[in-house]
Structures are given as structure tokens and as C-alpha cells.
Amino acid sequence: MALSIRRLTEQEYASIPDLFLLLEPHQDPAQIAERCAEMRQAGWFCIGAFQGGTLQAMAGISLRTHLFSGRVAFVENVVVLDEYRGRGHGRLLMAWIEEFARGRGCRMVTLDAYQKNLPARAFYERLGYDARGVHFVIEL
């Protein structure tokens, strides 16, 4: 059975907190659900990699306009369930996003990866992504 990439349905958004906890296990699932609703109001959406109706991987996407680069697609929260890693799910998600971004007039796709997440950084570099900056944070 082939893997398909598509936008999540309204009902499928309920699974996002569980998937996101794989990236950030210390987060509160209820708060994640609230943030998803708020982000969706601002235009953010998720795509998923499905096989046989089972969600095996996901990524969040929003379109932004930056002064330095113009219109971009920003990717966040790429998650592939452990048992499906190494099977091309992430590559297919990113290809879908790149095609989507081209079709919306974006000049580039951007994303953040934690410095310590070496497997994710290596994955994006294999796909041709260039680490161009540093994301600074201060807790308030």
C-alpha cells in the first residue's frame, strides 16, 4: 500500500498533541491543543503521511512574508513515528511542502532545528537545506 501525503482533516487534528509530545514530552497536551487551534486561526495547518488510513508522520506549515526574503513557507514540528523512520516519510513530507510553497509563490522554505538534534540537522542537510542562522531565545 502506497504512502500518501495530504492535509489533515478536522478530526485528525485531535492526534497532534500525542505526536507533538514525541518532540517535546514535557509539554501539556491540553495546551498543545489550544495552541493548535490558535495557530490554525492564523493560517497554520498540518499535513500527514498516511498508509492504510494510519497517520505515520506529520508536519506543520505556515506562510509568512519576511523583509529579507519575501514570501516563505515555514515548517515546524516534523514528526515521524519511531517505527516508520528511515522509510522516506520525512523526505516525502518535505517534497510536498516544497511543491506547495512553489505553488504559493514562496521564494524559500525555512525551518528551525535544535542545535543538539543532530539527526534532524543531518536529514535537512541531505535534502539540500542550508543552516544560515541561529535562532536566539530568552525565556520570559
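The values are calculated or read from the model by the stated rules, or taken from the named source; none is laboratory data. All values derive from a computational prediction rather than experimental measurement. Here the Cβ positions follow ideal geometry from the backbone for every residue, glycine too, while neighbour counts run over all protein chains shown. Quick note on the areas: whole protein, heavy atoms, side chains included, nothing else; ligands and nucleic acids left out. Shrake-Rupley method; radii C 1.70, N 1.55, O 1.52, S 1.80 Å.
If you check Arg71 against the conditions, is it open to solvent by 30 Å² or more (accessible area, probe 1.4 Å), in contact with a Gly (Cβ under 9 Å, 6 or more places away or on another chain) and not aromatic (Phe, Trp, Tyr)? Here the answer is yes, as Arg71 does meet what is asked. Look through Ala95, Ala120, Ala131 and report the one residue that is within 26 Å of Phe50 (Cβ to Cβ), surrounded by 10 or more Cβ atoms within 10 Å (Cβ to Cβ) and either over 16 Å from the mean Cα position of the chain (by Cα) or at pLDDT 95 or above (or both). Just one listed residue meets the conditions, Ala95.
So which of Ser62, Ser4 ends up being of a type in the set (Ser, Thr, Tyr) and in contact (Cβ under 8 Å) with a residue 40 or more places away in the chain?
Details: Ser62 fails: in contact (Cβ under 8 Å) with a residue 40 or more places away in the chain.
Criteria check complete, one pass: Ser4.
Screening region 11-43 for residues that are surrounded by 18 or more Cβ atoms within 10 Å (Cβ to Cβ) and touching a residue at least 24 places away in the same chain (Cβ under 8 Å) and picking the one that is farthest from Leu81 (Cα to Cα) gives Ile16.
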